[in-house]
Amino acid sequence: MPRSGPLVDQFGRVHDDLRLSVTDRCNLRCVYCIPDEDMEFAPREELLSFAELERLARIARSLGVNSVRLTGGEPLVRKGIVDFVGALSSLGFADLSMTTNGTTLASHAPALVANGLVRVNISCDSLRPERFRAIRRRGELDEVLRAMDVAEQAGLAPIKVNVVLLAGVNDDEILDFAAFGRETGRIVRFIEYMPLDAAGHWQRGEVVPGRSVIDKITSRWPLATDPGAQDDPAPAQRYRYLDGKGEIGVISSVTEPFCGTCNRLRLTADGAIRNCLFSDDEHVVRDALRSGGGDEEIAMIFRSAVWGKLPGHGINDPGFLRPRRSMSMIGG
Ligand code: SAM
């Protein structure tokens, strides 16, 4: 394993994109993410403080990480998040973004922009109020649509809209979402349902393959692969409308894994580095942080986490075991 230079895995893939989960708490109970009954959260003292997160981000920056996305749980439920964005922004990342469910984004957006947030991904799984409520089990569609408007006015760009498709639940809205993206200029990203729900209910039959999404949309509004996206390590396969009305993304983690170009690492809210959403291989940094570990020691934990990454996530292998932690605990 190299002791200097960027973060590379055994296959030479450079990892420069960090997902930072700032909390495992969420103010929603989405059916594909959080169980119906009460979820157990980590005791507060187990979560990293903002000072600890900032130190880790600074070390990651020194190791070549240039993109940070704040996530959770729901990042905007963590008190002090706006100031934390300011602290991260001063570390000089080329890209600083957040994934949020949008429920409280409208009130936070101007301050987030003032503190250096560049863009947001907003989760929204239905454009029909009743269904939206049924999927999230809390909250209103209107508040999320309003958050998108406010975020845009505040200068967050581009606005990406994350849609997790569930067969028989919201896959009849593919064209509605496409139309919504074409009208608003927002980039809708269709995400395959992954075996990361806390309730363990995931069934392969509920996955709506990304390919079928593309076929459906292109039969109405022809799409072409975005030529600019060829070398893009982002998980979304990007497509542009031939009539110039914007783009969409499809994240086919289950049916067309993109592990070969994955450049992500994740830090859980309780201080474990994960090199893959689907692997239980965790490299704990919290102990080193809290026992006086130096920056070099922590940097080596980042290095070994990345070095140990497997060539693929193995969801489609017969022996695949679901990871112990769910999406909301890992930080999606
Ligand atoms: N609370 C924020 C939100 O709702 O966007 C950030 C955390 S959430 C875990 C991040 C993303 O993961 C969201 O877009 C959510 O829809 C997605 N997600 C959660 N569970 C999923 C699953 N089982 N399969 C696919 N995507 C999932």
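Coordinate-derived values only; no laboratory data. Keep in mind that what you see is a predicted model, and the values were worked out from it rather than measured. Heads up, the Cβs are rebuilt from the backbone with ideal geometry, glycines too, and the neighbour counts pull from every protein chain shown.
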Of all DSSP beta bridges in region 17-330, what percent run antiparallel (nearest 5)?
30
Taking region 17-330 and dividing mean pair separation by its residue count, relative contact order in percent (alpha carbons under 8 Å, at least six apart)
19
Mean residue ellipticity (222 nm) of the chain, computed from DSSP H runs ≥ 4 via -39,500 (n - 2.57), nearest 500:
-8500 deg cm²/dmol
So which of 216/309; 79/309; 160/216 end up more than 27 Å apart by C-alpha?
216/309; 79/309
Taking 22 Å as R0, compute the FRET efficiency from the Cβ-Cβ separation of residue 199 and residue 279 and round it to 0.05.
0.60
Rounded FRET efficiency, nearest 0.05, which uses the C-beta distance separating residue 83 from residue 258 and R0 of 45 Å:
0.85
For the chain, state the average projected area of the convex hull of the C-alpha atoms over all orientations, rounded to one decimal in nm².
16.0
Explain nothing, just the number: relative contact order of region 17-95, from Cα pairs under 8 Å at least 6 residues apart, as a whole percent.
52
